[in-house]
Amino acid sequence: KKTRKIMKLSIALSFASIYGAAAFAPNTNTNINKNISIQQRQSLSAVSRKDSYEVTLLPGDGIGPEITEATKSVLQVLCKKAGFELNLKEALIGGCAIDEVNDPFPQESLDQCLSSDSVLLACIGGYKWDSNPRELRPESGLLKMRKEMGLFANLRPAKVLSQLIDASTLKREIVEGVDIMVVRELTGDVYFGTPKGIDVIDGQRVGYNNMIYSESEIERIARVAGDVASKRGGKLCSIDKANVLDVSQLWRDVVTDVITKDFSDVELSHMYVDNCAMQLIRWPKQFDTIVCGNIFGDILSDEASMLVGSLGMLPSASIGESGPGVFEPCHGSAPDIAGENKANPLAMILSAAMMLKYDLSRPDEAQLLEDAVEAVLDAGLRTADIKQDGDNCELIGCVEMGKAVAEQVEKLELKNAVAV
């Protein structure tokens, strides 16, 4: 049985240089409730530092295999430079799993993930499987993975990088300085609620789902969000639709109780989901940390991510109370460009950096990957999704971007990362 040391979420996901040292930097506000138990603050487990790790790779569909290969090439150089091993073993998920074994997330893949030190996922889905029965769609495999692995919290950043500020579709004065973290609950809500289905009632088909949350489910995601907010700007906005939904009223009540009692340093506000969708475009700099239920978070995290200009730059982490986390880029499978060497692998490379830091206890190596990505951007190299007319940058493909990052990993010094 693996020995794991517990790491508080207060160290989680700082994103170091590429997302700014302040992303999860300690809050200067010292008015923190000292009565919060250690158990309430524990949210992320990490394998103790060692010389060899078992990592499950889930290349998935569309551009997934391409960005996986680019990331593997970078990790190979990193391992050689730093003197440790990543035993990367691939498993099936998504459409490719349906094609091969008629199951979007087979038991063999689940068992392999659970026995690994960490999991690195590319992307799943595509037009090919859109007309399949619900249980044979790629997204069903992703939901099963989250549920079976207990991955209840998803953290997604939306921080505008100075090198890419003009890649955003919004005006510079709107997005400059934007730094948002979306904390999304992953294993409850309407995606998992029962009863659900499509029945024939009074001679016509009726489809229904159950939007449901228990108090304990809301409490644990509220604590994650409170901890994240307390280590960022100290502001937390909870999203609901409490004016019309009973489940949202419970959400608002429980979030208020948790933050008021356990995170007195955090300024809590509430916002209806429709207003939040508008405010993210109108004035995104008003937000610091956002906490949402599953379906609202699914939509708003994608919207927030596009403030940056491309989903191809953003990593994410899905974590539970114990066991391996799953680290993945925010973007989809982009089947329209699959196999054309046009994909951007940087989000998956940055997801690998997050994995190294927070699941594998290799912060120095994670920092090197992030520095390498920043160096490539500083050198003016761009994939198509982040290339702008007249930016005087060089357009390159997925393979070339992977090679460029690997070259920077080889060139840059492996330094001691700043402790967080």
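Assorted remarks:
- Screening the stretch 338-356 for residues that are part of a helix (DSSP H, G or I) and out of contact with any Gly (no Cβ under 8 Å at 6 or more places or on another chain) and picking the one that is nearest to Ile67 (Cα to Cα) gives Met348.
- Options Asp189, Asp227, Asp179; residue that is closer than 21 Å to Ile299 by Cα, under 18 Å from the mean Cα position of the chain (by Cα) and crowded, with 17+ Cβ neighbours inside 10 Å: Asp179
- Residue, nearest to Glu321 (Cα to Cα), within the stretch 228-237, restricted to residues that are in contact with a strand residue (DSSP E or B) (Cβ under 7 Å, 6 or more places away or on another chain) and not small (Gly, Ala, Ser): Val228
- Scanning the stretch 260-305 for residues being in a helix (DSSP H, G or I) and not acidic (Asp, Glu) gives a total of 23.
- Top-ranked residue of the stretch 130-176 - restricted to ones that are among the acidic types (Asp, Glu) and without any contact (Cβ under 8 Å) to a residue 60 or more places away in the chain, ranked as surrounded by the fewest Cβ atoms within 10 Å (Cβ to Cβ): Glu173
- Restricting attention to the stretch 230-247 and to residues that are more than 24 Å from the chain's Cα centre (by Cα) and assigned to a helix (DSSP H, G or I), the residue that is surrounded by the most Cβ atoms within 10 Å (Cβ to Cβ) turns out to be Val247.
- Cβ pairs under 6 Å, 6+ apart, first in the stretch 214-228 and of a type in the set (Lys, Arg), second modelled with pLDDT under 95 and assigned to a helix (DSSP H, G or I): Arg223/Gln40
- Checking each residue in the stretch 318-337 for being outside any loop (DSSP other than H, G, I, E, B) and either free of Cβ contacts under 8 Å to residues at least 40 places away in the same chain or crowded, with 23+ Cβ neighbours inside 10 Å (or both) picks out Ser318, Ile319, Val326, Phe327, Glu328, Pro329, Asp336.
- Among the conditions (1) over 18 Å from Gly332 (Cα atoms); (2) open to solvent by 10 Å² or more (accessible area, probe 1.4 Å); (3) in contact (Cβ under 8 Å) with a residue 12 or more places away in the chain, Gln107 misses just one, which is (3).
- Every condition in (1) modelled with pLDDT of 95 or more; (2) crowded, with 16+ Cβ neighbours inside 10 Å; (3) assigned to a loop (DSSP other than H, G, I, E, B) is met by Val308 except one, and the failing one is (1).
The values are calculated or read from the model by the stated rules, or taken from the named source; none is laboratory data. Owing to the predicted nature of the structure, the values given are computational and were not obtained by experimental measurement. Don't worry about glycine lacking a Cβ; one is built from the backbone with ideal geometry, like all the others, and counts go over all protein chains shown. Note: accessible area is taken over every heavy atom of the protein model, side chains too, but ligands, DNA and RNA are not part of it. Shrake-Rupley method; radii C 1.70, N 1.55, O 1.52, S 1.80 Å.
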